[in-house]
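Report on the structure given below.
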Amino acid sequence: MKTLKIVRMADVKVATDDYRLITVGLGSCVGVTLYSPRIKVGGLAHIMLPDSSRARLTIANGNGRNYLAKYADTSIDLMIHEMQELGASKSTLVAKIAGGAHMFQCNGNGQLKIGEENILAVKKKLGDLRIEIIAEDTGDDYGRTLEFDVGTGILVVKSVRKGLIEL
């Protein structure tokens, strides 16, 4: 039986093959897994927002790791750094992503497109880092729960709408 690690909102966890990483409540948030298949080291980030440059908080506020884990542009770097501490090499990493649903409507005709912005920011960051996205289940209008088996690299996406999907 593998040990579970819970990844909360605005959080990043990394682990070796003895673990499963789980996050619940992905609506407009995006879950990103990075995986080094050769050494079976993986990570999962629960990303809330696309870009840290819009933030009013600073790392100096004393909550630096949580601040970094919240945004697409900083959480992926944090995850890579922590995976490298476990022996992973950035050049061997592959990614899977899920979430980024359209969950909110504004008054009038406007729509909040946080999910879409999160997806685009994650894809841009991974592209800039030359990390291939090998699978995804993103967008639409429903929430998801993710379970990532670090030993196999399989990401299970659970939703009321689609049941279980293996990526």
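The values are calculated or read from the model by the stated rules, or taken from the named source; none is laboratory data. Because the structure is predicted, anything quoted here is derived from the model rather than measured. Please note: Cβ atoms are built from the backbone with ideal geometry, for glycine as well, and neighbour counts cover all protein chains shown. For the accessible areas, the whole protein counts, side chains as well, though only heavy atoms, and no ligand, DNA or RNA atoms are used. Shrake-Rupley method; radii C 1.70, N 1.55, O 1.52, S 1.80 Å.
For the range 12-24, indicate whether the set of residues that are under 16 Å from Ile119 (Cα atoms), modelled with pLDDT of 95 or more and touching a Lys or Arg at 6+ places or on another chain (Cβ under 6 Å) is non-empty.
Looking through the range 12-24, none of the residues is under 16 Å from Ile119 (Cα atoms), modelled with pLDDT of 95 or more and touching a Lys or Arg at 6+ places or on another chain (Cβ under 6 Å).
With the checklist (1) among the small types (Gly, Ala, Ser); (2) surrounded by fewer than 21 Cβ atoms within 10 Å (Cβ to Cβ); (3) out of contact with any strand residue (DSSP E or B) (no Cβ under 6 Å at 6 or more places or on another chain) in hand, flag the one item Ser52 doesn't pass.
(3)
Assess whether Lys125 counts as being under 16 Å from the mean Cα position of the chain (by Cα) and of a type in the set (Lys, Arg).
In short, yes.
Answer yes or no: is there a residue in the range 55-62 that is surrounded by fewer than 16 Cβ atoms within 10 Å (Cβ to Cβ) and either among the hydroxyl-bearing types (Ser, Thr, Tyr) or at pLDDT 95 or above (or both).
Checked the range 55-62: at least one residue is surrounded by fewer than 16 Cβ atoms within 10 Å (Cβ to Cβ) and either among the hydroxyl-bearing types (Ser, Thr, Tyr) or at pLDDT 95 or above (or both).
Any chance you could count how many residues in the range 29-41 are surrounded by fewer than 22 Cβ atoms within 10 Å (Cβ to Cβ) and in contact with a Gly (Cβ under 9 Å, 6 or more places away or on another chain)?
3
Check whether at least one residue in the range 156-166 is among the charged types (D, E, K, R) and open to solvent by less than 50 Å² (accessible area, probe 1.4 Å), and report yes or no.
no
Would you mind stating whether Lys123 is basic (Lys, Arg) and part of a strand (DSSP E or B)?
no
From the list Gly139, Gly115, pick out the single residue that is under 16 Å from the mean Cα position of the chain (by Cα), at negative phi, open to solvent by less than 20 Å² (accessible area, probe 1.4 Å) and modelled with pLDDT under 95.
Gly115
Taking only pairs six or more apart or across chains, which ones have beta-carbon atoms under 7 Å, a first residue in the range 138-156 that is without any contact (Cβ under 8 Å) to a residue 40 or more places away in the chain, and a second residue that is open to solvent by less than 10 Å² (accessible area, probe 1.4 Å) and assigned to a loop (DSSP other than H, G, I, E, B)?
Close Cβ pairs satisfying both conditions: Gly139/Gly100; Gly139/Ala101; Asp140/Ala101.
Would you tally the residues in the range 5-15 being open to solvent by 50 Å² or more (accessible area, probe 1.4 Å) and in a strand (DSSP E or B)?
Counting residues in the range 5-15 that are open to solvent by 50 Å² or more (accessible area, probe 1.4 Å) and in a strand (DSSP E or B) gives 3.
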